Amino acid sequence: MTVPATTWPPLFALPDGWELLLASRSPRRRQFLDEWGLVYRIVTGREEEPRPQTGEAPATYARRAARGKALAASVAAGRAAGPRVLLAADTIVALDGDILGKPVDRAQALAMLRRLAGRTHEVISAVCLLGPRGEEIVFHDVSRVRFAPWPEAVLAAYAATGEPDDKAGAYAIQGQGAVLVESVTGSWSTVVGLPVSCLAREMLGRGWLLPVASAPVA
């Protein structure tokens, strides 16, 4: 069980007796849930990252990948003792309709960064929620990110840090890669890996998440 790592009072809570499962080991996704004040358990399955199908739209691929992670984690978690919500997510970078996945080496990371420099690309974060009554909710959000036209030396220096090695599109906006970004249109959290505003609306609207009552503001 993960204990929220925040000094702020909790923002949200699960209904009494409910459990939240997170099908991700991403530190940033965990941080978002921690900041909400939620207690959750990490469960991941053995689902391998799917490959895009020929002609598959980036958003369709992201949604399919998120659903695959959710279903695999659900199998790994086994039967629930009580009401449970499982959360899985997948984030991809797309440019000119091409899906830029995680680079296989530093050379490919640099090649991706060259393509992104001075241009605007899309970051798509898809979410799959499996509800306590067998509900399967899949949605996604899209943000547009523009890179400044950085020279080769800057791109090469960033690639050499190793941060891009396991990142879709070969950069992390929440890390050293922030220096590459000139502007973001849309949700910053979507770029990081979890569209928290969309997620909160979905879960609150279904009663799977509750605002925590607090003292009146003076």
Output for Cβ contacts, cut-off 7 Å, separation at least six or different chains, first residue more than 17 Å from residue 59 (Cβ to Cβ) in the range 132-146, second among the β-branched types (Val, Ile, Thr) and surrounded by 15 or more Cβ atoms within 10 Å (Cβ to Cβ), reads 132/85
Across the range 112-136, the tally of residues that are of a type in the set (Asp, Glu) and assigned to a loop (DSSP other than H, G, I, E, B) stands at 1
Within the range 33-62, the residues that are within 20 Å of residue 206 (Cα to Cα) and either loosely packed, with under 15 Cβ neighbours inside 10 Å or not hydroxyl-bearing (Ser, Thr, Tyr) (or both) are 33, 36, 37, 38, 39
*asked:* Can you confirm whether residue 52 is of a type outside the set (Lys, Arg) and closer than 24 Å to residue 175 by Cα?
replied: no
Within the range 1-32, the residues that are modelled with pLDDT under 90, surrounded by 12 or more Cβ atoms within 10 Å (Cβ to Cβ) and either out of contact with any Pro (no Cβ under 9 Å at 6 or more places or on another chain) or on the phi > 0 side of the Ramachandran plot (or both) are 2, 6
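The values are calculated or read from the model by the stated rules, or taken from the named source; none is laboratory data. Since we're looking at a predicted model, the values are computed, not measured. As a convention, Cβ positions derive from the backbone with ideal geometry for all residues, glycine included, and neighbour counts pool all protein chains shown.
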